[in-house]
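Student: Just dropping this structure here.
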Amino acid sequence: MTPKVSIIMGSTSDMNVMEKAARLFDEFEIPFEINALSAHRTPEAVETFAKGAKDRGIKVIIAGAGMAAHLPGVIAAMTPLPVIGVPINASLSGFDSVLAILQMPPGIPVATVAVNGAMNAAILAVQMMATGDEALMQKMLQYKEELKEKIVKANQELAEVKFKFKTN
């Protein structure tokens, strides 16, 4: 299999967050790769990865990083591919990471999801790829329908919960 998505994290300590993206790609049967690269400790490896990703067939890059969180932006500076940044809660409740990923200069966009939002990053990546893949779009539509069904079922269950002053 040739990976279509690359999940990159600054350290393997971020795996507990980033594995949510991996699980979603497994569910959608989308080949992906996972690597640890550091913008500060392995800058040459980051450059080699970013410059070669398109030629290897990667369509979207998801990059998780905490604290200084330069990894998504550094990758975005060296690739024409869409990069989705996942701020990792490593310090300051992840707010430092949010700002580092969100505040990119003109011409170097990084889509940014919530702190520890790897699952939403994966969903966004699938949606991006689905714009040119009708079969994948149908899978996404089915996934969204299942999300709705979960809420409908939850409300049915809540209707059975009894409280003295509950009105519904």
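Student: Of the residues that sit in the range 118-168 and are closer than 15 Å to E29 by Cα and of a type in the set (D, E), which one is surrounded by the most Cβ atoms within 10 Å (Cβ to Cβ)?
Tutor: Per the criteria, the residue is D133.
Student: Right, something else. Can you tell me which of P82, P109, P105 is touching a residue at least 12 places away in the same chain (Cβ under 8 Å) and more than 13 Å from the chain's Cα centre (by Cα)?
Tutor: Result: P109 is the single residue among P82, P109, P105 that is touching a residue at least 12 places away in the same chain (Cβ under 8 Å) and more than 13 Å from the chain's Cα centre (by Cα).
Student: Also: Taking the stated definitions as given, is S93 among the polar types (S, T, N, Q) and free of Cβ contacts under 8 Å to residues at least 24 places away in the same chain?
Tutor: Judged against the criteria, S93 is a match.
For every residue, the table says whether it meets (1) part of a helix (DSSP H, G or I); (2) buried (at least 17 other Cβ atoms within 10 Å of the Cβ); (3) of a type outside the set (S, T, Y); (4) at pLDDT 95 or above.
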{"position": "E19", "(1), (2), (3), (4)": "yes, no, yes, yes"}
{"position": "R23", "(1), (2), (3), (4)": "yes, no, yes, yes"}
{"position": "N35", "(1), (2), (3), (4)": "no, no, yes, yes"}
{"position": "F49", "(1), (2), (3), (4)": "yes, yes, yes, yes"}
{"position": "I58", "(1), (2), (3), (4)": "no, yes, yes, yes"}
{"position": "I62", "(1), (2), (3), (4)": "no, yes, yes, yes"}
{"position": "A68", "(1), (2), (3), (4)": "no, no, yes, no"}
{"position": "I84", "(1), (2), (3), (4)": "no, yes, yes, yes"}
{"position": "I101", "(1), (2), (3), (4)": "yes, yes, yes, yes"}
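Student: Could you check S91 against (1) loosely packed, with under 14 Cβ neighbours inside 10 Å; (2) modelled with pLDDT of 95 or more and say which number it fails?
Tutor: (2)
The values are calculated or read from the model by the stated rules, or taken from the named source; none is laboratory data. Fair warning: this is a prediction, and the values are worked out from it, not measured in the lab. Heads up, the Cβs are rebuilt from the backbone with ideal geometry, glycines too, and the neighbour counts pull from every protein chain shown.
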